[in-house]
Each structure stands twice: as structure tokens, then as C-alpha cells.
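J.: Pasting in a structure now, in C-alpha cells, and then I'll have a few things to ask.
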Amino acid sequence: MPVPIIMPKFGFTLESCEIVQWLVREGDRVRSGDPICEVTTDKVNMEVEATEDGIVQALRYKAGDVVPVTEVICYLLREGETPTLEASALTPPSATPLARRLAEHSHLDLGMVQGSGRNGKIMRRDVEQALGKVRATPAARRLAAEHSIDLTTVQGTGRAGRVQGTDVQAALSEQAARPAGDAEATLLLAKPPTIRDTQTMPPPSIPHEADRHVVRLEGMRRTIAQRLQKSFQSAPHIFLDAAVDMSAVELLRGKLKAHGEKLSMTAMLIKACAWALGKNPPLNATLEGEEISYWHTANIGMAVALKDGLIVPVIHSAEKLTLYAVQQEVDRLAGLAREGKLTLDQVSGGTFTISNMGMFGVDRFTAIINPPQVAILAVGRTVQQFMPDAEGKPTLKPMLNLTLSADHRVVDGAHAAHFMRDLREVLEEPSLLAW
């Protein structure tokens with residue numbers, strides 16, 4: 001009997017993966033452990049492997065399709081086996097997620113829709129066409145509504161026949177040029193004048209489709225969008241700001257630099273946060289469903305900007321590492337992140353995240369919590385400011401702006417305030433990290 005290959009569940013909360021590319025074709029022989037396809041999870045790209053030796057058959061999805069976990073993606077035939085009815089069945093129509101949702105909402109069988117996308121993929125426009133809907137830009141719809149124009153009578157000149165604002169303007173000009181006895185022209189002329197009709201200046205030009213560059217919200221960008229939208233909608237965020245005197249940290253970094261050693265602000269903050277989390281367990285937690293997990297080790301994620309988004313590698317058990325070891329791990333993981341070589345283990349298990357944008361000249365900002373964590377620290381740049389000294393005299397000091405975002409379902413305001421107090425204390429007196 002053919003062996004089904006399913007979309008693995010790479011993480012506890014993972015619900016679906018997008019197929020990036022197939023690494024085999026139907027009829028290819030594979031051995032157990034050979035990569036079948038590359039997929040993108042909510043964190044990194046992974047390979048789906050063959051579970052045993054066999055011949056690949058019935059690739060059920062195409063590159064770009066989003067597949068629910070545990071869904072069969074293809075089959076393997078053992079030596080001497082012939083395809084079963086299920087394994088040799090036609091591949092289901094390939095369609096974009098938006099096209100599938102629109103078809104399901106309208107009870108439309110995708111098998112009856114002709115796809116116009118790459119390799120016959122069914123796009124949203126194909127479903128709309130099958131449903132008899134007119135594809136038009138928002139500007140075209142607005143202009144048509146203002147002048148009571150039926151969009152089904154307008155010839156679209158945009159991509160795939162989409163009606164543009166210029167198309168509606170052309171239809172209006174054509175109607176105005178018709179003889180006065182024409183019924184449609186009479187109705188148009190009888191229409192009460194609008195504010196725009198009474199203006200002497202020409203109507204504003206409508207942006208043309210060629211004036212923009214359109215890309216799909218997919219891959220890492222889509223994953224980030226979905227996760228952050230869900231986080232901000234479901235987690236009631238509370239925000240706390242703190243300004244920290246970084247004089248002692250700057251002194252420490254200067255001494256280390258004089259000895260040829262590097263201590264980045266990110267590494268210093270990771271170690272300081274691990275110390276403060278040890279004193280404030282409510283922030284070193286994750287919330288999944290109805291369960292709150294309080295972790296006994298600080299696994300600190302650091303947001304790393306990439307070309308197409310960002311990724312958050314994790315420094316595990318940061319409270320047990322020396323500052324030197326933290327710096328080494330920060331450099332190693334950041335390098336792997338930019339090379340796209342992080343493993344799933346290196347981006348999983350985080351209990352708290354730091355997002356540092358100080359190097360980009362950002363003074364302060366608020367960050368969205370990285371679920372299932374319950375807190376994230378946003379770090380701005382260090383700036384020289386005059387602050388009162390012990391005698392009340394203005395003294396120039398390097399001040400760092402920190403903003404904590406916390407999930408109010410798990411973290412009380414007092415818990416968040418205590419964490420920020422302890423974090424400020426250890427940054428202003430880094431010798432505490434030796435204890």
C-alpha cells in the first residue's frame with residue numbers, strides 16, 4: 001500500500017506550512033531521510049523527508065500552497081507496488097488561500113474554475129469572474145458610484161481586464177458625447193450636479209496601475225503579519241517606559257575594548273534581562289491556551305532584521321552564561337540568521353524577547369509581544385542628556401530609553417514595574433551580574 005507523506009507539525013502551535021519548493025518529481029526514487037520538499041514554518045524554512053525508500057507519486061500541492069499540518073502532500077510507492085485509487089487521484093486544484101476562502105464562502109466548486117495564474121493556479125480574479133463579479137480598482141468603483149455607472153458596461157484595460165479609474169472616465173466622456181436623445185445620456189445630464197461638477201478646476205488625476213509595484217504577502221512576511229496581528233488583537237498590551245543611566249555600562253565596555261574584547265549593547269541587555277527575569281518570574285512566562293508556564297531558565301530571543309522581515313534566534317539559559325559567552329552566542333546566531341542557516345532549535349523555546357533598534361537611530365518605540373511569550377523589551381539608542389547629579393547639578397550622562405510591552409492577562413502592572421526597576425538597577429550597577 002502506498003505510504004502517505006504528511007506535512008509535519010514542526011512546532012506545538014504550528015497549524016500550517018507553505019511549500020516553498022519541491023525537491024523531487026513524480027517518479028523519482030528516494031531513500032529514507034531524503035528531502036522531499038522545502039517548507040516555511042512560522043520561524044524558519046525546513047525540509048520534509050521521506051519516511052522510507054520508495055517512488056514519489058501524486059504530488060498533491062504546488063509550490064506556494066499553504067498546507068495544514070498532518071495533511072497528505074504526496075505518496076511513496078514501495079518496490080513492486082501499483083498506485084491505489086487514492087494515490088493516483090487527480091491533484092486538487094491549486095489556488096491561492098484568498099481564492100479558496102472566496103470560493104468556500106460563495107459555495108463555488110474550484111474544480112469548475114479555470115486558473116489564470118502560473119501553472120494554472122486559481123487566483124482571486126478567476127473566482128470573481130466565475131461568480132460574475134467585476135474586477136475594479138477602488139478608485140474606479142468610487143468614480144462609478146458617484147456617476148451611477150454600471151461597471152459591467154465598462155471595458156477594463158488593467159491587468160487581467162481589471163477596470164481602472166481611467167476606464168470609467170472614458171465611459172463618462174463617451175456618454176457625454178452621445179446625442180441628447182440617447183436615454184443614457186439624458187439620465188446622466190439629469191443627474192443633480194455634485195460638488196465636483198460645480199468646480200472649475202479639472203478633477204484630480206487618478207493613480208494608474210503602472211505607478212505601483214505589487215508583491216504578494218507571502219512566506220516570512222505573511223507569517224510575521226499573521227503572528228503579530230494575532231498577538232496585538234488577543235493580548236491586551238501594557239507599556240512601561242524607563243530611562244537608564246548607562247555610564248557604568250559604557251565604562252565597562254570601554255575597559256573591555258582597551259583589552260581587545262567586544263561587548264555589544266545587545267549582549268549586555270540579554271545578560272541584564274536574564275538577571276532581572278530571575279527576580280521577576282511572572283515575566284519569564286508563556287501563555288498557550290488556558291495554561292501559563294513559568295520558566296526556571298531565561299531563554300532570551302533577540303530580534304534580527306533580515307531583508308524580507310526579521311527572525312528571533314534564542315540564547316538559551318542566558319542566566320548561566322558569562323558576558324563573554326553571551327557575546328559569542330549573539331555573534332554566532334546573528335551570523336547564522338543572516339545566512340539563513342538557523343535550525344528550528346535555535347529559534348524555538350524563547351521565554352522573553354529583546355528588540356534593539358538603537359543602532360538605527362531610533363530614540364524609542366513600542367514592540368508587539370512575540371507569542372506565546374508574555375513580554376518583550378524595546379530598546380532605543382543611547383543619547384547624551386543633562387541629568388541632575390547627587391548634588392542636583394546638571395551632568396551630561398548617556399541615557400538609554402527602554403519600553404516594556406507586557407501581556408496584561410498574565411502580567412500585572414506591579415510585576416512589570418518591578419522588572420523595570422531591577423533592570424535599571426543592574427544596568428546602572430553591572431557588577432551585580434557577578435553575583
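All of the numbers you see were taken from the coordinates with simple rules; none came from a lab. All values reported here derive from a predicted model rather than from experimental measurement. With ideal geometry, Cβ positions are generated from the backbone for all residues, glycine too; neighbour counts draw on all protein chains shown.
J.: Sort Val410, Val383, Val249, Val374 so the one with the fewest other Cβ atoms within 10 Å of its own Cβ comes first.
T.: Val383, Val410, Val249, Val374
J.: Within the set Lys271/Lys397; Lys9/Lys230; Lys9/Lys262; Lys255/Lys320, which residue pairs have Cα atoms separated by over 28 Å?
T.: Check vs 28 Å cut-off fails for Lys9/Lys262.
J.: Moving to a separate point now. Would you work out the charge dipole size for the stretch 3-77 about its Cα centre, treating the Cβ of every Lys and Arg as +1 and the Cβ of every Asp and Glu as -1, and quote it to the nearest 20 debye?
T.: 80
J.: Is it possible to state the helix-based mean residue ellipticity at 222 nm for the chain, with each DSSP H run of 4+ residues giving -39500 (n - 2.57), the sum divided by total residues, to the nearest 500 deg cm²/dmol? What is it?
T.: Using -39500 (n - 2.57) per qualifying helix, the result is -9000 deg cm²/dmol.
J.: I've got another one for you. How many nm is it between the label spots at Ala243 and Leu310, if each spot is 7 Å from the Cα in line with the beta carbon?
T.: Computed distance between label sites Ala243 and Leu310 equals 2.4 nm.
J.: Report the paramagnetic label zone for Met387: residues of the stretch 243-284 whose backbone N is under 14 Å from a point 7 Å from Cα along the Cα-to-Cβ axis.
T.: Residues 243-251 fall inside that zone.
J.: Taking 25 Å as R0, compute the FRET efficiency from the Cβ-Cβ separation of Glu428 and Ser317 and round it to 0.05.
T.: Plugging the Cβ-Cβ distance into 1/(1 + (r/R0)^6) gives 0.50.
J.: Classify the stretch 344-435 as rounded, prolate or oblate, taking a ≥ b ≥ c as the square roots of the eigenvalues of its Cα gyration tensor: rounded when a/c is under 1.5, otherwise prolate if a/b is larger than b/c and oblate if not.
T.: Prolate is the answer for the stretch 344-435, as a/c is 1.5 or above and a/b outweighs b/c.
J.: Pairing the Cα long axis of helix 247-258 with the longest principal axis of the chain, what angle in degrees results, from 0 to 90 and rounded to the nearest 10?
T.: Taking the Cα atoms of the chain, the angle to 247-258 is about 80 degrees.
J.: Candidates [x] 0.95; [y] 1.10; [z] 0.99; which is the computed Rg/Rh (Cα atoms, Kirkwood Rh)?
T.: [y]
J.: Run down the lysines and flag those whose C-alpha is under 17 Å from the C-alpha of Lys307, throwing out any fewer than 8 positions away in its chain.
T.: Lys43, Lys341
J.: With 10 angstrom as the radius, rank Asp412, Asp407 by how many other C-beta atoms surround their C-beta, starting from the fewest.
T.: Starting with the residue having the fewest Cβ neighbours, the order is Asp412, Asp407.
J.: List the pair-distance distribution P(r) of the stretch 284-345, using every Cα-Cα distance, as the percent of pairs falling in each 5 Å bin from 0 up to the bin containing the longest distance, rounded to whole percents.
T.: The percentages, shortest bin first, are 4, 16, 22, 21, 17, 13, 6, 1.
J.: Quick one: helix 219-234 against the long Cα principal axis of the chain, what's the angle to the nearest 10°, folded into 0 to 90?
T.: Between the helix axis and the principal axis of the chain, the angle is about 70 degrees.
J.: To continue, here is another question. Roughly how many nanometres apart are two label points built 7 Å out from the Cα toward the Cβ at Ala258 and Tyr324?
T.: About 1.9 nm separates the two model spin labels.
J.: Cα centroid distance between the stretch 246-260 and the stretch 279-339, in Å?
T.: 24
J.: If I take R0 = 56 Å and measure r between the Cβ atoms of Thr395 and Glu81 in this structure, what FRET efficiency does the formula 1/(1 + (r/R0)^6) give, to the nearest 0.05?
T.: 0.10
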